[in-house]
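Student: This is the structure I want to talk about, given as structure tokens.
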Amino acid sequence: RFKTKAERDAWLNSQIKDASKTKKQKMKEIETLETDLKEIRATQSSDEKDRSTMEADLIAEEEKLADYEQQYQAAMQERNAAQNERKDLQRRDNEIDDSLASVEEDAKKRDKQLEFSMPRDLQRGMAAVQRIVREHNIEGVHGPLIELMETDERFHNAIEASAGNQLFHIVIDHDDVGSRIIEY
């Protein structure tokens with residue numbers, strides 16, 4: 001292959017030069033890669049610290065979220081209990097209103113029956129007494145005797161026959177109350 005030793009040496013020297021050049025380039029590349037690796041490792045360490053911090057923050061936020069969820073559930077239970085209580089109160093209020101309406105209806109019927117069972121002048125006199133008591137805020141007046149009595153219905157006719165118009169006498173605490181009503 002080579003004709004002379006000098007030719008061979010020249011070729012070998014050129015090969016050595018090329019190899020040295022390649023070696024230098026490769027060494028520079030290795031240096032650059034090592035520098036990059038150091039930077040990456042430094043960044044990786046910083047990123048791991050950041051990741052640890054973020055994980056800790058995430059855990060804290062999840063705990064807060066769990067607390068808020070418990071508070072929310074407690075508030076919802078409290079709200080539902082309050083709504084149920086309000087519904088019960090409304091139901092009771094409606095029942096009371098219905099009962100009151102029934103009692104008022106019964107009172108109106110009773111008043112009508114009373115009105116038809118007494119003479120007209122007696123009825124006007126009782127209405128006048130009730131008006132005077134109401135307008136002048138007179139205390140100690142209890143109302144007509146018939147309204148204050150409670151008896152079994154089977155005795156009504158006997159009571160009416162024996163007491164007559166005395167059932168419509170106004171019951172008061174004492175004579176002074178009667179005198180005040182008469183003054184007006």
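The values are calculated or read from the model by the stated rules, or taken from the named source; none is laboratory data. From a predicted model like this one, the values you see are computed outputs, not experimental measurements. Please note: Cβ atoms are built from the backbone with ideal geometry, for glycine as well, and neighbour counts cover all protein chains shown. These accessible areas exclude ligands, DNA and RNA; they are computed on the full protein's heavy atoms, side chains included. Shrake-Rupley method; radii C 1.70, N 1.55, O 1.52, S 1.80 Å.
Student: Roughly how many whole Å is it from the C-alpha centroid of the stretch 137-172 to that of the stretch 36-71?
Tutor: 89 Å
Student: If you line up the long axis of helix 5-117 against the longest principal axis of the chain, both from Cα atoms, how many degrees apart are they, to the nearest 10?
Tutor: Around 0 degrees separate the two axes.
Student: By per-residue mean of other Cβ atoms within 10 Å, what is the highest-first order of 88-101, 128-141?
Tutor: 128-141, 88-101
Student: If you don't mind, there's one more thing I want to ask. Any chance you could look up the accessible area of Asp121 with a 1.4 Å probe, heavy atoms only, rounded to 10 Å²?
Tutor: The accessible area of Asp121 comes to roughly 100 Å².
Student: Sort Met76, Met149, Met27 from largest to smallest accessible area, using a 1.4 Å probe on the heavy atoms of the protein chains.
Tutor: Met27, Met149, Met76
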